[in-house]
Amino acid sequence: MSDGRIFREAWIAGVSKHYPGEPKAGYIAPWNETPAWERECATAVFGQVRDFVRVSGGNTSKLTREQKGRFVATCWIAQIHKHFEDPKPGYVADWADLPSWQQETDADIFEAIERAGS
């Protein structure tokens with residue numbers, strides 16, 4: 001499975017687990033139905049997290065879930081700015097402004113990438 005797909009599968013699993021109620025169809029759309037810009041972002045953020053885990057000598061396992069989630073969220077925001085001149089505020093919301101389901105999902109993504117690299 002490609003790096004971007006691993007990210008996307010972790011996102012879908014996290015949304016399915018943490019989202020209150022029925023998530024929007026776009027939140028759980030499979031890889032092939034995900035817009036190209038979003039697939040590019042997922043692949044890039046996967047690489048950023050993978051590299052961070054590697055240069056940390058695997059010690060990212062000592063980070064809190066919040067620290068892991070914040071890292072994913074920050075990397076994602078940078079990718080959004082790369083792809084959109086004037087992104088929607090929700091696309092670039094700071095960690096504290098994200099709903100708890102999204103914070104938990106971002107932490108799950110980080111941990112899925114940690115597992116994929118080991």
Taking 0.36 nm per residue of separation between N32 and E66 and subtracting their Cα-Cα distance, the length gained on full extension comes to 9.3 nm
Rh_Kirkwood(the chain) over Cα pairs, Å, one decimal, evaluates to 14.3
In whole angstrom, the spacing between the Cα centers of region 92-114 and region 1-70 equals 9
For K82, the aspartates and glutamates lying under 12 Å Cα to Cα, once residues fewer than eight places off in the same chain are dropped, come out as E38, E40
Given the candidates P30, F71, A96, the one whose Cα lies deepest towards the positive end of the charge dipole of the chain, counting +1 at each Lys or Arg C-beta and -1 at each Asp or Glu C-beta, is F71
Low-density loop trypsin sites (Lys or Arg not before Pro), region 18-70, at most 14 other Cβ within 10 Å, DSSP non-H/G/I/E/B, are K24
Listing V15, V49 by rising number of other beta-carbon atoms within 10 angstrom, fewest first, gives V15, V49
Once the in-chain neighbours fewer than 8 apart are removed, the lysines whose Cα is under 18 Å from K88 read K24
Summing -39500 (n - 2.57) over every DSSP H run of at least 4 in the chain, dividing by its residue total and rounding to the nearest 500, the 222 nm mean residue ellipticity is -21000 deg cm²/dmol
For K17, the aspartates and glutamates lying under 14 Å Cα to Cα, once residues fewer than eight places off in the same chain are dropped, come out as E9, E104, D106, D108
Treating only Lys and Arg (+1) and Asp and Glu (-1) as charged, each at its beta carbon, one finds that region 19-83 has a dipole about its Cα centre, in Debye to the nearest 20, of 320
Nearest 10, in degrees from 0 to 90: the angle of helix 65-83 to the longest Cα principal axis of the chain is 50
Magnitude of the Cβ-charge dipole (Lys and Arg +1, Asp and Glu -1) of the chain about the Cα centre, nearest 20 debye, reported as 340
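Readers should treat all values here as calculations from the given coordinates under stated rules, not as data from a laboratory. None of the values given here were measured: they were computed from a predicted structure. Reconstructed Cβ throughout: ideal geometry from the backbone, glycine too, with neighbour counts over all protein chains shown.
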